[in-house]
Amino acid sequence: TYFLTTRILSFISELFVGQQSTSELGGVLRIAQISGQVAEMGIASYVSFLAVLSVNLGLINLFPIPLLDGGHLAYYLFEALRGRPLGPKAQEYGLRFGLVIVVTLFVFVTWNDLVHLKFFEFIAGFFG
């Protein structure tokens, strides 16, 4: 778990500094594709893949983005330091901001998945 966590955090930091391509990010469609490929290699490989996926999703869920668990933890930390909770308006704006981030990321990785699977080329084949 420690090794996977450090690799995932390293990859994310490399994304931000431009050492990794955002085309490497995948969403639900790529997870399904890779799951099928790994399942063909046997049950041990598939269970290992599920463990990697579980650590990855658990780590991402702990990022300090409002709407995710890490965002709630950040609110609790801020409340502990401040001595009182954020106002309802501030929490609402934070959750809206978090929703925008999560939806944008979801759309982006789904787009990456469709490009990776050559979906648009497949559709263009019907018209050209």
In Å², what does the accessible area per residue of the chain work out to with a 1.4 Å probe? 73 Å²
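Give, to the nearest whole percent, the P(r) tail of the chain beyond 25 angstrom, counting all Cα pairs. Display every interim value, and only then the final one.
Working: 3420 of 8128 pairs.
Tail fraction, whole percent: 42.
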Calculated FRET value between TRP111 and LEU57, using beta carbons and R₀ = 22 Å, to 0.05: 0.65
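Would you please classify the overall shape of region 54-123 from the alpha carbon gyration tensor, given that a ≥ b ≥ c denote the square roots of the eigenvalues, rounded means a/c under 1.5, and beyond that prolate means a/b larger than b/c while oblate covers the rest? Kindly include the intermediate steps, with their values, before the conclusion.
Working: a/c = 6.69, a/b = 2.41, b/c = 2.77.
Because a/c hits 1.5 or more and a/b fails to exceed b/c, region 54-123 counts as oblate.
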The chain, relative contact order [Cα under 8 Å, separation at least 6], %: 27 percent
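What FRET efficiency comes out for the pair PHE120/GLN37, r = Cβ-Cβ distance, R0 = 22 Å, nearest 0.05?
Values: r = 22 Å, r/R0 = 0.99.
Calculated transfer efficiency: 0.50.
Taking every pair of distinct Cα atoms and averaging 1/r, then inverting, what Kirkwood hydrodynamic radius in Å comes out for region 1-72?
Details: mean 1/r = 0.0737 Å⁻¹.
The answer is 13.6 Å.
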Please name which of GLY26, PHE119, GLY94 has its Cα lying farthest along the dipole of the chain towards the positive end, using unit charges on Cβ (Lys, Arg +1; Asp, Glu -1) and the Cα centre as origin. GLY94
Computed label-point distance, nm, for sites PHE3 and ARG82 using a 7 Å Cα→Cβ extension: 4.2 nm
Would any residue of region 106-128 have its amide N under 18 Å from a label point 7 Å out along Cα→Cβ of LEU15? List them or say none. 106-117
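The values are calculated or read from the model by the stated rules, or taken from the named source; none is laboratory data. In this text, all values refer to a predicted model and were calculated from it rather than measured experimentally. FYI the Cβ positions are ideal-geometry reconstructions off the backbone, even for glycines, and counts take in every protein chain you see. These area figures cover heavy atoms from the full protein model, side chains too; ligands, DNA and RNA do not enter into them. Shrake-Rupley method; radii C 1.70, N 1.55, O 1.52, S 1.80 Å.
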